[in-house]
Amino acid sequence: MFTRFQNPAFVVLSLGLVSIGHSPNRQSVTDSDKPSGDTTIELSYHVKAIQRDSSGQYTMSGTVNGEVQGKATLMFGFDQGSSGQAGKTPVHSYWVVTAVPASESFKAKLSGTVEAVSGQTHLVGKITEGANKGRRIETSSRLLNFGPNHSLSDIDGNMTIDAK
């Protein structure tokens, strides 16, 4: 029934491959496998303009990917006044991220600037509701003007949620 092995090291190595206590299909996640609340969360996103209101604010919708995944809806607008930086215009955004699982969902409010020539943005704010409430959030993106008359159509970017 059992074949005699010539090399005892083969038996030891073979036994090391067997999962003790669980079959490979029923392994559980331990606390050390879960992301810690003390780590920075990195996300990428792509959103498309779905409407522009009479005040010039854009409603946008798309996806977020990375350590949190799901759908994003945001209001993005250009602010009145000066940013105090040459060639940059003040902007703001309000984010609603509906994540999977829902416990990772959040809302955030950010403000910052967009470079008039390149469309490069940099916004900073805080998570106001949901997962990671109170943490600093930062986005860096590029506005894409593929809409009618070169109006804002898409935003591609990266988002960082700072560690606690």
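The values are calculated or read from the model by the stated rules, or taken from the named source; none is laboratory data. Fair warning: this is a prediction, and the values are worked out from it, not measured in the lab. Reconstructed Cβ throughout: ideal geometry from the backbone, glycine too, with neighbour counts over all protein chains shown. In case anyone asks, the SASA skips ligands and DNA or RNA and just uses the protein heavy atoms, side chains included. Shrake-Rupley method; radii C 1.70, N 1.55, O 1.52, S 1.80 Å.
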Legend entry - By accessible area with a 1.4 Å probe, ligands and nucleic acids excluded, highest first: order of 92, 46: 46, 92
Inset, instruction - Using a 1.4 angstrom probe on heavy atoms only, work out the carbon and sulfur share of the accessible area of the stretch 72-144 in %. - result: 54
Inset, instruction - Starting from the Cα of residue 48, draw a straight line to each of the lysines and keep only those under 26 Å, dropping any in the same chain fewer than 8 residues away. - result: 71, 88, 107, 109, 126, 133
Legend entry - Highest to lowest packing among 96-103, 122-129, scored as the average C-beta count within 10 Å: 122-129, 96-103
Inset, instruction - Could you give the size of the charge dipole of the stretch 95-164 about its Cα centre, using +1 on the Cβ of each K and R and -1 on the Cβ of each D and E, expressed in debye and rounded to the nearest 20? - result: 340
